[in-house]
Each structure stands twice: as C-alpha cells, then as structure tokens.
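A short write-up of the structure that comes next.
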Amino acid sequence: MKTLLQINTSLFSEQGHSSQLARHFVEAWQARYPEGRVLLRDLAKDPVPHLTAERFQALLTPPGERSAEQQAVADFSDTLIEELRQAELIVLGLPMYNFGVPSQLKAYFDHVARAGITFRYTEHGPVGLLGDKTVHVLATRGGAYQGTAKDTQSLYVRDFFEFLGVRDLHFTYAEGLNLGEAQRQAALAEAQARIAALAA
Ligand SMILES: Cc1cc2nc3c(=O)[nH]c(=O)nc-3n(C[C@H](O)[C@H](O)[C@H](O)COP(=O)(O)O)c2cc1C
C-alpha cells in the first residue's frame, strides 16, 4: 500500500495557500490510489519546538542512558522520522516567509536530521539514510523569485532532503500572490493544473 505524507508548514494551517495546494495534490492522488494511506503533519497545529542544547543532547544520549524527559524528546523525534520513513511520497506545502522557509519547518528539519539514523558521516562525506522517496514541494510566495538568486529557499529545501538521501524533488510554484487579484488567481490556477498532472 502506498503511503503519502502531507506536511503543512503555513502559519494558517489548512487555510494557507500552500496547504490548500498540498490538499489539492492529495485529493488528486487519492483519486488515483483509493487504497493509498495519507499521513498529515501540520506544523501550525502541532508545532515542533525549537532545537535547544537540552533537546539536542537528549537526541545524542544513547537510549539506555536517557532521563524520562530526554526519552520524550527522542520519542517525538522518532515519531517524525518514522512518518518520513513510511512515506514513499512527501507533499510539502512551503510558503515563503521573510525570504526563507517557515521557522516551523526549520524546527522540524532540526528534529529529523539525526546522525546515525537519517544520515551518517563516512570518509567520503555524508550519506543519507532515508532512501528512495519522491518529494513534491508546493511553494507559494507573495512576490516572484523562482529562478533568481533570491530564491535560496528552494535550494535549501533541496539540499536538506538530498542530505538525508532523498533526491527526487519536484517544485511547483504559485508566485505573485500579493501582486493583485488577477495575478493571484492566475498563479493558483496554473499551479493547480500542474498539480493535477503531477498527481495523476
Ligand atoms: C510573515 C510573512 C512573511 C512573508 N514574507 C514573504 C517574503 O519574504 N517574500 C514573499 O514573496 N512573500 C512573503 N510573504 C507572502 C507569502 O509568501 C504568501 O502570502 C504565501 O501565500 C503564504 O503562504 P501560506 O498562505 O501557505 O501561508 C510573507 C507572508 C507572511 C505572512
């Protein structure tokens, strides 16, 4: 059975444009794979705490030596990683906030990058351990940056997944959402049409 993980990172949860595009993808995918399983991780509804020295130390401490508090931190991280492991397909709603990814997504990344679990270092450099997966990124922006040097966001997200061994990434953009109603409607319609084709 195929498993899809939808990750919403918008401040506005399922109301965000990026989450709505992600939902659009999931609905098209479900029409194609009615038996498919969908996992939903909404980082606005269930925020991931910022990584602190204490939390990082908890993740580094060997399982048998953790305090109850440290074990809870590790369990939480393990749950996030297990969702990623189970999914063949990851659908990531990605708004641009202040030229970068939502801080919630950064906190999430900080909890799923685990040495020895999702990546390991070798004498030839880091090796990702998450394996074969496809990621569809649905990126929404008020302005327009795709293909310019200001779009560090796309590069960062690609670099992060590749670090964990996930190399099959596809980006769909809805840009200029704050550049007037006509542009907003056109960009969203274009993204939806592309998503329908991708998910089919
Ligand atoms: C706090 C905040 C910061 C934003 N910063 C940017 C930005 O740096 N560049 C940009 O193009 N749009 C920016 N926007 C506009 C959002 O990218 C746009 O509204 C997008 O649709 C948000 O996606 P969402 O509805 O899924 O949250 C910002 C919006 C918010 C709320």
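Could you grab the pairs with beta carbons closer than 7 Å, sequence gap of 6+ or different chains, first residue in region 38-49 and more than 14 Å from Ser19 (Cβ to Cβ) and among the charged types (D, E, K, R), second one at pLDDT below 95 and not in a loop (DSSP other than H, G, I, E, B)?
Correct list of pairs: empty, since none qualify.
Gln153 - would you say it is more than 19 Å from Leu39 (Cβ to Cβ), within 13 Å of the ligand (Cβ to nearest atom), in a helix (DSSP H, G or I) and free of Cβ contacts under 8 Å to residues at least 12 places away in the same chain? Reasoning before the result, please.
Working: more than 19 Å from Leu39 (Cβ to Cβ): yes; within 13 Å of the ligand (Cβ to nearest atom): yes; in a helix (DSSP H, G or I): yes; free of Cβ contacts under 8 Å to residues at least 12 places away in the same chain: no.
Criteria not met by Gln153.
Before we move on, is Phe99 in contact (Cβ under 8 Å) with a residue 40 or more places away in the chain and away from the ligand (no atom under 16 Å from the Cβ)?
On the way: in contact (Cβ under 8 Å) with a residue 40 or more places away in the chain: yes; away from the ligand (no atom under 16 Å from the Cβ): no.
Criteria not met by Phe99.
Any residue in region 170-190 that is closer than 18 Å to Tyr97 by Cβ and of a type in the set (S, T, N, Q) sitting within a Cβ distance under 8 Å of a residue that is assigned to a loop (DSSP other than H, G, I, E, B) and within 9 Å of the ligand (Cβ to nearest atom)? List the pairs, counting only those 6 or more apart or interchain.
The qualifying pairs are Asn178/Gly142; Asn178/Gly143.
Kindly check whether there is at least one residue in region 66-77 that is touching a residue at least 24 places away in the same chain (Cβ under 8 Å) and surrounded by fewer than 20 Cβ atoms within 10 Å (Cβ to Cβ).
Looking only at region 66-77, we keep the residues that are touching a residue at least 24 places away in the same chain (Cβ under 8 Å), and these are 76-77.
Subset that is surrounded by fewer than 20 Cβ atoms within 10 Å (Cβ to Cβ): 76.
Yes, some residue in region 66-77 is touching a residue at least 24 places away in the same chain (Cβ under 8 Å) and surrounded by fewer than 20 Cβ atoms within 10 Å (Cβ to Cβ).
Only one residue in Arg41, Arg55 is among the basic types (Lys, Arg), surrounded by 13 or more Cβ atoms within 10 Å (Cβ to Cβ) and within 16 Å of the ligand (Cβ to nearest atom). Which one? Spell out how you get there, then give the answer.
Values: Arg55 fails: within 16 Å of the ligand (Cβ to nearest atom).
Every option except Arg41 fails the conditions.
When both residues are 6+ apart or on different chains and their Cβ atoms are under 9 Å apart, which pairs have a first residue that lies in region 8-30 and is within 15 Å of Val101 (Cβ to Cβ), and a second that is more than 7 Å from the ligand (Cβ to nearest atom) and of a type in the set (Phe, Trp, Tyr)?
Thr9/Tyr108
Name the residue that is nearest to the chain's Cα centre (by Cα), counting only residues in region 156-176 that are near the ligand (Cβ under 9 Å from one of its atoms) and outside any strand (DSSP E or B). Show your work before the answer.
Keep residues of region 156-176 that are near the ligand (Cβ under 9 Å from one of its atoms), which gives 174-176.
Filter once more, so that each one left must be outside any strand (DSSP E or B): 175-176.
Values: Glu175: 19, Gly176: 22 Å.
Selected residue: Glu175.
Restricting region 124-150 to residues that are away from the ligand (no atom under 16 Å from the Cβ) and modelled with pLDDT of 95 or more, which is surrounded by the fewest Cβ atoms within 10 Å (Cβ to Cβ)? Lay out the reasoning, then the answer.
Taking region 124-150 first, the residues away from the ligand (no atom under 16 Å from the Cβ) are 124-135.
Next, only the ones that are modelled with pLDDT of 95 or more stay: 127-130, 133-135.
On the way: Val127: 12, Gly128: 17, Leu129: 16, Leu130: 19, Lys133: 19, Thr134: 16, Val135: 20.
Residue satisfying both the conditions and the ranking: Val127.
Can you give me the ranges of the strands (runs of 3 or more DSSP E) entirely in region 1-116 with at least 2 residues that are touching a Ser or Thr at 6+ places or on another chain (Cβ under 7 Å)? Reasoning before the result, please.
Details: elements: 3-8, 37-42, 89-95.
Where strands (runs of 3 or more DSSP E) fall fully within region 1-116 and carry at least 2 residues being touching a Ser or Thr at 6+ places or on another chain (Cβ under 7 Å), they are 37-42, 89-95.
Taking the residues in region 6-20 that are more than 8 Å from Ala44 (Cβ to Cβ) and more than 8 Å from the ligand (Cβ to nearest atom) as candidates, determine which candidate is surrounded by the fewest Cβ atoms within 10 Å (Cβ to Cβ).
Step by step, filter region 6-20, then rank; the result is Glu14.
The values are calculated or read from the model by the stated rules, or taken from the named source; none is laboratory data. Just so it is clear, the model here is predicted, and its values are computed rather than measured. Note that we place each Cβ from the backbone using ideal geometry, even for glycine, and neighbour counts take in every protein chain shown.
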